[in-house]
Structures are given as structure tokens and as C-alpha cells.
1. Taking residue 72 as the residue in question, decide whether it is open to solvent by 40 Å² or more (accessible area, probe 1.4 Å) and of a type in the set (A, V, I, L, M, F, W, C).
2. Restricting the search to the stretch 77-136, which residues are of a type in the set (D, E, K, R), touching a residue at least 40 places away in the same chain (Cβ under 8 Å) and either touching a Cys at 6+ places or on another chain (Cβ under 9 Å) or not in a helix (DSSP H, G or I) (or both)?
3. For the stretch 125-144, indicate whether the set of residues that are surrounded by fewer than 24 Cβ atoms within 10 Å (Cβ to Cβ), among the aliphatic types (A, V, I, L, M) and under 16 Å from residue 57 (Cβ atoms) is non-empty.
4. Quick check on the stretch 137-165: of everything there that is of a type in the set (D, E, K, R) and in a helix (DSSP H, G or I), which residue is nearest to residue 88 (Cα to Cα)?
5. Looking at this structure, is residue 29 modelled with pLDDT under 60, within 16 Å of the chain's Cα centre (by Cα) and either outside any loop (DSSP other than H, G, I, E, B) or hydroxyl-bearing (Ser, Thr, Tyr) (or both)?
6. Testing residue 158 on (1) in contact with a Gly (Cβ under 7 Å, 6 or more places away or on another chain); (2) within 23 Å of residue 77 (Cβ to Cβ); (3) among the small types (Gly, Ala, Ser), one condition comes back false. Which one is that?
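The values are calculated or read from the model by the stated rules, or taken from the named source; none is laboratory data. Everything numeric in this text was worked out from a predicted model, so none of it was measured. As a convention, Cβ positions derive from the backbone with ideal geometry for all residues, glycine included, and neighbour counts pool all protein chains shown. For the accessible areas, the whole protein counts, side chains as well, though only heavy atoms, and no ligand, DNA or RNA atoms are used. Shrake-Rupley method; radii C 1.70, N 1.55, O 1.52, S 1.80 Å.
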Amino acid sequence: YSITGQLKSKVMKSFYKKLLFTILIIGVQVSYGQQKGETKSLSEDQVPDTSQVNELLQQAQFYFFTKPDSCLLLSNKAIELAQQLKFTSGELVALNTAGEALHFLGDFPQALDMHLQALAINRSNKDKKGEALTLSYIGFIYIDLNEYRQALIYLNESKVLYQRFPDLFYNTFN
């Protein structure tokens, strides 16, 4: 093994860990938004409701890896609708989903903006689970920006929340 080979191996392991984490979190975020929202049947003449936000988020999740630009468009629609409906948990999931789509597309500044908006809402609502997830997203973006000190700040904050509230971690991944 050369040093270059070891470095490539570490980079690939890091990439796959982040990829797996992102897949898990997107699934958790969508189900979390659905648990907190009302679910009503959809019809074309119906007044917009939270189930429409959840449906947009399910569609966005479907396109996340194959068509991240479509995921972003659907997430942005979900953000707008959730804000109109004052559906905070749906807005949070949509902001994080849009942020991760932007992250996947390589638009790190815009991704950070989305996640920082979600973080502010999580903190104002005292939503520790959402805060921990969003802090992790922000930390991973800083890793991709090679700003490791910033990444550690956010990832350590997330770790502290998960340690302080062990049920958060259990409920996030189960």
C-alpha cells in the first residue's frame, strides 16, 4: 500500500459513509414530516393542505439520486406550500431535502443557506431531533468545502445532542 492508495481508500470510505448517511436521513426526514402532518386525501379541487406537501416530498425523495434537479424543484414547491400553510415540520423537511439536493449538485453555498434556514427554525421550535439532523447536514457540506474546523463545530454539536438525548438517535434511525 502506498500513501496515495491509503488516502484514496480513506476518501472512498468517507464518501460511502456520507452517501449512506444521506440516504438514511432523507428517508427519515420524509417520514418525520409525514408523522407530524395531517394526511387527507388529495383531489384537484381541494384547498392545498399538508398532505400535498408530503406528496411533493415523497416525489422529491424518489428523484434525489437519479434527477437531483427535479428533486430540487419539487422540494422548492414543497417549501413554498408549507410556508403558505404554516406547516413547519413540512417546511423543515423540504428545506433539508432541497439543501441536500443542492449539496448533491455541488452548489454548496446555496445548500448551506437552505440548511441554515432549517437550523434556525429547528432552534426556534426547540426541535432537538431536527436540529441534530440539520447540524449533521451542515457539517458534511463543510467537509466537502474542505473547511474541516467548521465541519467539526457542527458535527460535534450534532453529536452532543445525540448524546444528551439518546432517544433522538434511536428514533431517527428506527
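1. No.
2. Selection gives 100 alone.
3. No, the stretch 125-144 contains no residue that is surrounded by fewer than 24 Cβ atoms within 10 Å (Cβ to Cβ), among the aliphatic types (A, V, I, L, M) and under 16 Å from residue 57 (Cβ atoms).
4. 157
5. yes
6. (2)
Let's see how each residue does on (1) closer than 14 Å to residue 140 by Cβ; (2) of a type outside the set (Gly, Ala, Ser); (3) open to solvent by 20 Å² or more (accessible area, probe 1.4 Å):
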site: 79; (1), (2), (3): no, yes, no
site: 88; (1), (2), (3): no, yes, yes
site: 93; (1), (2), (3): no, yes, no
site: 108; (1), (2), (3): yes, yes, yes
site: 121; (1), (2), (3): no, yes, yes
